[in-house]
Structure formats: C-alpha cells, structure tokens
Amino acid sequence: MTSALKIVVTVKQVPDPNSTFALEADNTISREKEVVLDPGDECGVEEALQLKEAHGGEVILVSMGPERARDAIRKGLSMGADRGILITDPQLAGADALLTAKALAAAIKPEAPDLVICGTESYDGSTGMVPPMLAELLGMPQLTVAKKVEVDGTNVKVHRQTADGYQVLEAATPALITVTAAIAEPRYASLKGIMAARSKEIKQVGLGDLGIERGESAETIEGVTDAETRKAGVVIEFDGTAIDRIMQVLAEAKVI
Amino acid sequence: MAKVWVYAELNQGALSATALELMVKARELGDVEAIALGAGAKAAADTLGKHGAKVVHVHEDAAFDDYLAEPATDALAALNQQGAPDLILFGFTSDSREVAGRLAARLEVGLISNAGDLVRNDGGFVAKVPYFGGAKVASLKANKKPAIVLIRPKSFEPSEVGGTAEVKELAVTIGDGSKRAHIVERVVEASEKVKLEDAKVVISGGRGMGGPDNFPLLEDLAGALGGAVGASRAVVDAGWVPYSMQVGQTGKSVRPGVYIAVGISGAMQHTVGMKTSKVIIAINKDAEAPIMKMADLGVVGDALKIVPALTAAVKAKKR
C-alpha cells in the first residue's frame with residue numbers, strides 16, 4: 001500500500017572533505033575554507049527523493065548553521081527537495097549536540113513528518129550523537145545506520161549495519177532514520193533543478209521563533225593541546241633489502 | 001567518592017569487551033556500579049565484579065535484546081531517578097551511543113562523546129577528546145550531573161582486580177510504548193576467520209590498493225600471518241569492501257601487535273582507530289604521506305609488488 005510521505009531531511013554544511021583543514025590561532029576551524037553540503041547528507045536527500053518518487057509526498061530540508069548554510073539547503077533543493085528551513089541565530093554558535101538536537105526538534109515538530117532522515121554522522125564531527133537525541137526529543141523510534149530503507153504504508157524497515165553484518169529493524173511511522181553513504185548514489189542537480197531551486201522557499205527561524213533558550217552547555221573547553229604523536233620511525237625505499245627489513249620488524253614483534 | 005556507573009553493553013548475551021575497558025577507568029574515578037541489560041546480564045555480573053564493580057544492576061527482559069535503544073534508556077532513566085550518579089560511562093560503540101544519546105536528551109544533561117581518557121579535576125570530570133581530526137586534544141569539563149561520557153573502544157587494557165559484585169534486580173517495567181524499533185532479524189555477513197578487533201596482526205588497505213580486485217593480496221598476507229584485513233573509510237565508502245572492515249573513528253578501533261597500512265595515506269579519521277597499535281608498518285608510494293610520519297617502518301614503493309613479496313617471504317620462513 002502506498003500513501004504519501006512527508007519527509008524531513010536534516011542537512012549540514014561542512015568544510016569540503018576534499019580540501020585540507022586549517023586551524024586559527026584560537027584553535028577554531030578556519031572559516032575561510034570551502035564549505036559544501038555534507039556528502040553523507042547528500043545521500044540522505046537522495047534517499048528521501050527516491051521515497052517520494054515511489055510514494056508521493058514532500059521533502060523538507062532542515063539545517064542549522066550560519067547564514068551561508070542556506071547554500072547547503074539550496075543544493076538539496078536543486079536535487080529536487082521541495083522546501084527548506086534554516087535555523088540560524090548568533091546564540092547558536094558553538095552549540096553542543098543537545099542544543100543542536102533541541103533546535104532541530106523544535107523546527108521539525110510542527111511539520112509532523114512521517115520520516116526524519118539524518119546522516120549517520122557528519123563528515124566534520126563524526127560523532128553521530130545528534131540523531132538519537134533528536135529521536136528522543138521528537139518522541140520517535142530510531143532506525144539507524146541504514147544501508148537500505150523500505151516503506152510500506154505506515155511500516156518502515158531498514159537494514160542496519162553492524163560490526164559483523166546487519167540487523168533488520170522495523171517500526172511504525174513516524175520514525176527517525178539515519179543513513180550511511182551506501183544507501184544511495186546522490187543524483188547531480190540538473191540545470192532545470194538548479195533554476196527551480198531559486199524560487200523554492202527557505203524559511204529562516206531563530207531561537208526565539210523556536211521558543212528555545214540557550215542553556216548551560218554540557219561541557220566547557222578547558223584547553224586544547226597537540227595530540228601525542230608517535231615518533232617517526234625509518235622510511236626506506238622498496239629495494240632488494242626492504243622485505244628483509246619488514247621481516248625483521250615482524251620477528252621483533254614476535255608475530256612470525 | 002564519586003558515584004560512577006558503567007553501562008555494560010551486552011551483545012546477544014555476551015558482555016562487550018568495551019565494558020571491561022570502561023571498568024578500568026571507572027574504578028579509578030570512584031565507586032562503581034554497572035548496569036547490565038538483557039540476556040546474560042546475571043552471568044556478566046560475575047565478571048563485572050571481578051573487574052571492580054561493587055554493585056551490578058541487572059534486568060533480563062527480552063525487550064533489551066529485541067528493541068533498539070528505548071528499553072535500555074527507560075531502565076537507565078528509572079535508575080537515575082532513584083539516585084543520580086556523578087558520572088555515567090558508555091563505550092563509544094554503535095549500540096551504546098544510541099542509548100547514551102537518548103538518555104542525555106531525556107535527562108537534559110547532554111554528553112561528551114569520543115573521549116580517549118577521563119580524569120578527575122576539582123571535583124569534576126575532564127574528558128580528553130580528539131579534536132580537529134585527531135591532531136589536537138581538547139580537555140572538556142563536564143558541567144552536568146550526571147555527566148555522560150562516551151569513551152572510545154580500546155582506550156584501556158582490561159584487568160581483573162578481584163571482588164564480587166552485589167547483584168540487584170532492576171525493578172522497572174518496559175512498556176509497549178518503548179517497544180518500537182524492533183530487531184526482527186540479525187544477519188551475519190563477515191566470514192573473517194580472525195576477528196579484526198582481536199587480531200594480533202591487522203593488514204589494512206586503502207585507495208593505494210588500486211581497486212577491490214587487489215584486496216585478495218591482503219587476504220593472502222593476513223592468512224600467512226594469522227591476521228585480519230581492515231580498510232580505510234575511503235575504500236568502504238567507495239564500495240570496495242564492507243563496512244565491517246573499516247578501521248577508524250567511524251569504524252573499528254584496533255590495537256594489534258603489528259598494524260600494516262597498505263596504500264593508506266593516514267587521514268586522522270583512520271589513524272584515530274589504529275594509532276595505539278604496538279608496531280606500525282606503512283607501505284605507500286608516497287614518502288610524504290602522513291602515515292609515514294607515524295610508522296615505525298615505512299616502505300616506499302608499489303603495494304601490489306611489495307605485498308606479494310612479503311607474503312612469499314612469510315610463507316618461506318614458516319616452512
């Protein structure tokens with residue numbers, strides 16, 4: 001059975017993974033860097049669009065970030081999403097996972113979606129803590145690390161990647177899903193899509209609009225130091241003796 | 001003494017290795033109570049006692065094994081209501097982070113994730129968290145009670161201290177409202193003979209392997225050394241090998257006697273998961289690759305020539 005799906009996809013703008021990072025003197029990540037829509041989120045948008053194509057419905061992109069995060073939303077709209085919501089507020093600078101989840105939940109709740117799709121983890125933070133918090137705040141079950149999603153009426157089924165294979169998870173909608181990069185190959189935005197995206201709505205909201213106050217953060221940064229680095233060893237060319245050198249190291253480590 | 005809880009993750013009846021790693025840190029920080037949920041919880045209590053838990057709260061309801069995250073969140077929240085600890089430790093694993101995230105949101109306390117270490121400081125807790133891809137370490141002081149901290153697997157070496165835990169049955173009923181994300185089937189795909197996390201030798205391949213067709217070269221070497229094969233995120237994302245082989249921040253953490261990185265440049269994403277290996281050997285065509293700066297031995301050259309030559313040498317030596 002097919003019924004139209006209202007799908008929210010959370011999207012994040014991240015430093016371009018294909019360029020190198022730079023740190024400012026105060027240990028914040030340089031803002032000069034190229035930014036892109038998180039490649040993992042692109043896969044989330046793609047999955048949402050495929051579900052919409054199969055079931056009908058609407059795809060809404062929600063992002064939290066500075067003004068320029070509008071570009072990340074615009075990218076998803078040019079792929080075919082219907083509209084966007086940008087949560088931006090100076091008070092959100094340096095927001096921790098809980099504040100981020102609270103802001104996203106407040107923006108998503110009034111939409112009453114059937115599905116919320118998030119990337120399993122962002123490319124820059126890679127901790128994946130926002131989705132379970134968001135599921136809790138929205139009162140939804142979480143179906144996570146999905147490499148495959150199937151929707152049948154109000155039943156949603158995912159294949160959840162595990163250390164030794166996968167689990168088949170099922171729940172009734174509304175539900176929150178996190179997807180991996182293996183879920184779907186993101187489409188390129190067509191010229192028509194890029195043109196159409198220009199006139200699609202991106203609603204901008206601040207913390208006040210969402211009725212949220214920035215409370216005390218879960219943590220305070222006390223300092224940042226250089227990570228302990230391993231001492232560099234010997235670097236040799238692959239020549240007649242290289243294999244013997246490797247064998248010697250393996251023997252010293254008692255693995256042969 | 002600080003009151004410290006350890007969420008002792010069970011995987012289908014078996015106590016996770018990470019739970020015992022957390023015990024090492026927990027008993028250093030305060031009086032430890034562990035929480036074990038699902039099949040095998042009572043049996044695990046014995047082991048947790050030997051590793052320093054004074055009390056183990058157990059609950060063997062099938063819901064903990066059959067439904068993702070929510071039943072465990074309910075149990076922890078209920079126990080917290082009876083008396084909040086100062087600190088709750090979770091492993092930074094796929095299953096534990098689902099529970100920790102929900103709990104942190106429900107209790108409105110937030111959390112600190114991906115910590116490599118944790119110390120007491122002025123009566124509070126300060127977590128050491130890799131930052132900026134692992135090049136830096138941030139010291140984060142926890143502001144809330146309970147502080148919820150997720151610690152990376154393999155951060156500590158488990159050790160027994162002797163002792164017997166008092167086992168307490170957790171009196172909480174898991175309602176139908178939390179039985180939602182239903183695990184209806186578990187499919188095992190990995191056919192690896194040696195588990196990546198437990199292997200004494202790990203040989204990992206990256207983009208420098210040229211393509212998935214060349215990964216059998218690594219399997220051959222692993223076979224000769226009795227080791228396991230891992231991979232970088234780049235080649236997992238490219239679909240060359242399954243996610244179960246990924247080593248790194250978002251994959252598995254390994255700490256073998258010897259780690260051989262083949263055709264892996266050494267992005268922080270990867271090195272966070274293997275840099276505590278005892279010996280690191282890097283094989284790469286680029287002498288300037290970051291992995292060369294952390295390897296005990298770096299060999300510059302064509303991986304597709306070096307790996308078979310090494311396999312032959314290991315086999316010859318065994319004869």
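Per-residue answers, yes or no, for (1) within 25 Å of the chain's Cα centre (by Cα); (2) in a loop (DSSP other than H, G, I, E, B); (3) in contact (Cβ under 8 Å) with a residue 40 or more places away in the chain; (4) more than 7 Å from every other protein chain (Cβ to nearest Cβ):
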position	(1), (2), (3), (4)
A:Gln204	yes, no, yes, yes
A:Glu216	yes, yes, no, no
A:Thr220	yes, no, no, no
A:Gly223	no, no, no, no
A:Thr229	no, yes, no, no
A:Ala232	no, yes, no, no
A:Asp239	no, yes, no, yes
A:Arg245	no, no, no, no
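Among the conditions (1) part of a helix (DSSP H, G or I); (2) of a type outside the set (Lys, Arg); (3) in contact with a strand residue (DSSP E or B) (Cβ under 7 Å, 6 or more places away or on another chain); (4) surrounded by fewer than 22 Cβ atoms within 10 Å (Cβ to Cβ), the only one that B:Ala224 does not satisfy is (3). With respect to being of a type outside the set (Gly, Ala, Ser) and either closer than 20 Å to A:Leu250 by Cα or in a helix (DSSP H, G or I) (or both), B:Val241 falls outside the description. Kindly provide the set of residues from segment A:112-146 that are without any contact (Cβ under 8 Å) to a residue 40 or more places away in the chain, part of a strand (DSSP E or B) and more than 8 Å from chain B (Cβ to nearest Cβ), ordered by number. Result: A:Ala146, single match.
For beta carbons closer than 6 Å, sequence separation of 6+ or different chains, a first residue in segment B:258-286 that is touching a residue at least 24 places away in the same chain (Cβ under 8 Å) and assigned to a helix (DSSP H, G or I) and a second that is surrounded by 23 or more Cβ atoms within 10 Å (Cβ to Cβ) and of a type in the set (Ser, Thr, Tyr), the qualifying pairs are B:His270/B:Ser232.
Within segment B:58-66, identify whether any single residue is in contact with a Gly (Cβ under 6 Å, 6 or more places away or on another chain), within 14 Å of chain A (Cβ to nearest Cβ), more than 16 Å from B:Glu169 (Cβ to Cβ) and modelled with pLDDT of 95 or more, and answer yes or no. So far as segment B:58-66 goes, yes, one or more of its residues are in contact with a Gly (Cβ under 6 Å, 6 or more places away or on another chain), within 14 Å of chain A (Cβ to nearest Cβ), more than 16 Å from B:Glu169 (Cβ to Cβ) and modelled with pLDDT of 95 or more.
The strands (runs of 3 or more DSSP E) located wholly in segment B:80-148 that include 1 or more residues which are touching a Phe, Trp or Tyr at 6+ places or on another chain (Cβ under 7 Å) and either more than 8 Å from chain A (Cβ to nearest Cβ) or within 18 Å of A:Ser217 (Cβ to Cβ) (or both) occupy B:87-91, B:112-115, B:117-121, B:136-142. A Cβ distance below 9 Å, combined with a sequence gap of six or more or placement on separate chains, defines the contacts here; from segment B:289-300, residues that are facing another protein chain (nearest Cβ under 7 Å) reach residues that are hydroxyl-bearing (Ser, Thr, Tyr) and in a loop (DSSP other than H, G, I, E, B) in the pairs B:Lys293/A:Thr229; B:Met294/A:Thr229.
The values are calculated or read from the model by the stated rules, or taken from the named source; none is laboratory data. A quick note: this is a predicted structure, and the numbers were derived from the prediction, not measured. As a convention, Cβ positions derive from the backbone with ideal geometry for all residues, glycine included, and neighbour counts pool all protein chains shown.
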